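Since every read-out is calculated from the coordinates, none of them should be taken as a lab result. It should be emphasised that the depicted structure is a prediction, and the values quoted were computed from it without experimental measurement. Backbone-built Cβ (ideal geometry, glycine too); neighbour counts: all protein chains shown.
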Amino acid sequence: MQSTAPKQTVQPVQPAQPVHPVRLAVIPGDGVGPEVIEQALRVLQAIEEATGHRFHTVTFPWSSEHYLQTGHVAPPGFLDTLRGFDAILLGAMGDPRVPDPISVGLVLQIRKGFDLYVNLRPVRRLSGAPSPLAHAPTVDILFVRENTEGEYSDAGGRLNAGHPDELALHTAVFTRRGIERIAVFAFEQARHRRRIVTSVSKGNALPHTFGLWDEVVRDVARHFPDVRLETVLVDAMAYHLVRQPERFDVVVASNLFGDILTDLGAALQGGLGLAASANINPAGPYPGMFEPVHGSAPDIAGRGIANPIGAIWSAALMLDYLKDRGRLPNGDRLAGAVLQAIADVLREGPHTPDLGGTATTREVGEAVVRQLARLL
Ligand code: NAD
Ligand code: IPM
Ligand code: MN
C-alpha cells in the first residue's frame, strides 16, 4: 500500500499494564481457512508488538485432512481441551472429500457444546467496500442470529432407507428460554444503536414454531419501551434487505434464517470475504468462537487469493469480547483500530480478486498490519 498520509481517526492506544497472556485456541480448518487465519494471526502479532499484550496461541490441526488420517475431525474430548481457553479463532471447515455434516459438525458442536447462543454478525459496508447495488446504500445492520436451537436441532432421522416409502424428518426445536435470551440480547444491543429491532418470522406458514417466536419476542419488547420492534416475514425480509438495507438496525433471526440472510448481508457489505462473526455466550463460562462467515471456498483454496478481511474482522470482534470478559484492557479500542485499518485498506488497496484486484491473501494481510502499526 502506497498511502503516505493515513487518516488517523482512531486514538492511539496506550500500552496497558502487562496482563496474563490471552489464551487463544486456533483451528485453521480446511480450504482457505488456514490461508485467512494466518493473516488474522499476523494482525494479533502486530498488536503484541505495539502494545505489549500477549496472545498465547495453541494451534489445533483439526480438519478434514485430520479426519482422513485419523478417523476423526477432532479427538474425542476436544471440548474439554478447548474449555480452558479465553477464545477460539476458527478458519473454516468443509472439504469435498469428506461429508459436510462430519467436517462442519465441529463448528456446530462447539456452538452447542459451549452454549454460544449468540451468533453476532455485523453486516456493515465499510467506506471503501464495493456495493453490489447501483445506489450503493449505507449498510450498518447488526444481525443477532440464534445459534443453538431452532432449525439446527439434532431431532430427526431417516426411516426405510432405500425403499420407495423412505422418509426423512428434521424437527425444528424452539424453546421459550432460547427465544427469550436471544431477543433480550438483541434489544440490549439496539439500545446502543438506533433502537430498532427487526424480528424475522415465518409465523404465517409455520405457526407453531414461529408463533412461539413472535409471542416471546413481543413479550421481551415490552421490557424495552424505548426500542421499536417490527416483525417482518423472512421472504419479505430478503426483498427489503436488497431494496432498502439502510432501514434496518438490529435484526434478530432464528438459526437458519440468520444463516441465509447473513450470506445475503455479506453481498451487501461487499462480499463473503469481508463478513465476520462472533459466537458468544455473554455470561457463560466457556470461550467464545470467532470465525469468518464464509466457508472453506474449495473453488479458490490453495491459490493464496482468498480475502483475509473477514477473518481479520472476526479477530477484531474477539478483541472486543476479550475486553468485555476482562481479559484485554483496551480491547475495544484495539478492535476499533483494526477496523479502521481494514477500512483504509479497502479504500486504498491492495485488493484480492473477489474485490476486483490482483493482490494475494498475504499482501492484503500485510497491508492491514502496516496500516494498523501506524494507528497504534
Ligand atoms: P463458501 O463460503 O466457502 O464459498 C461461497 C463463495 O464465496 C465461493 O465462490 C467462494 O470462492 C467465495 N468466498 C468464500 N470465502 C471467500 C474469501 N475469503 N475470499 C474470496 N472469496 C471467498 O461456501 P460454499 O461454497 O457453499 O461452501 C464450501 C464448504 O464450506 C462447504 O463444505 C460448506 O459446508 C463449508 N462451510 C463452512 C463454514 C464454516 O466452517 N463456518 C461456513 C460456510 C460453509
Ligand atoms: C455458517 C455456516 C454454518 C451454519 C455451517 C458450516 C454449518 O454456514 O456459519 O454460516 O450453517 O451455521
Ligand atoms: Mn452460513
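For segment 139-188 and segment 331-348, what is the separation of their Cα centres, given in Å?
34 Å
Just grab the label-to-label distance for L79 and D226, each label 7 Å out from Cα along the Cβ direction, in nm (one decimal).
3.7 nm
Nothing charged except the Cβ atoms of Lys and Arg (+1) and of Asp and Glu (-1): what's the magnitude of the dipole of the chain about its Cα centre? Round to the nearest 20 debye.
1060 debye
Using alpha carbon centroids, what distance separates segment 48-91 and segment 362-376, in Å?
Computed from Cα coordinates, the inter-centre distance equals 25 Å.
Tell me what the chain gives for mean residue ellipticity at 222 nm when only DSSP H runs of n ≥ 4 count, each as -39,500 (n - 2.57), the sum divided by the residue total, rounded to 500 deg cm²/dmol.
After summing the helix terms and dividing by the residues of the chain, the value is -12000 deg cm²/dmol.
Run the numbers on segment 184-304 and let me know its relative contact order in percent, using alpha-carbon pairs under 8 Å that are six or more apart. List each step's numbers first, then the result.
Values: 131 pairs, mean separation 29.4, N = 121.
Worked out over segment 184-304, it gives 24 percent.
What percent does the relative contact order of the chain come to when contacts are Cα pairs within less than 8 Å and at least six residues apart?
This gives 24 percent for the chain.
At I196 and T59, where each label point lies 7 Å from the Cα along Cα→Cβ, what is the point-to-point distance in nanometres?
Computed distance between label sites I196 and T59 equals 4.4 nm.
Per-residue counts of other Cβ atoms within 10 Å, averaged by peptide: what ranking do you get for 235-248, 302-315, highest first? Please report the intermediate quantities before stating the final value.
Working: 235-248: 15.1, 302-315: 25.4.
Answer by packing, highest mean first, reads 302-315, 235-248.
So for segment 53-163, averaging the separation of alpha carbon pairs under 8 Å that are six or more residues apart and normalising by length, what relative contact order in percent results?
19 percent
Just check segment 192-255 against the gyration tensor rule for me: Cα atoms, a ≥ b ≥ c as the square roots of the eigenvalues, rounded for a/c under 1.5, and otherwise prolate or oblate depending on whether a/b exceeds b/c.
Judged from the Cα gyration tensor, segment 192-255 comes out oblate (a/c at least 1.5, b/c at or above a/b).
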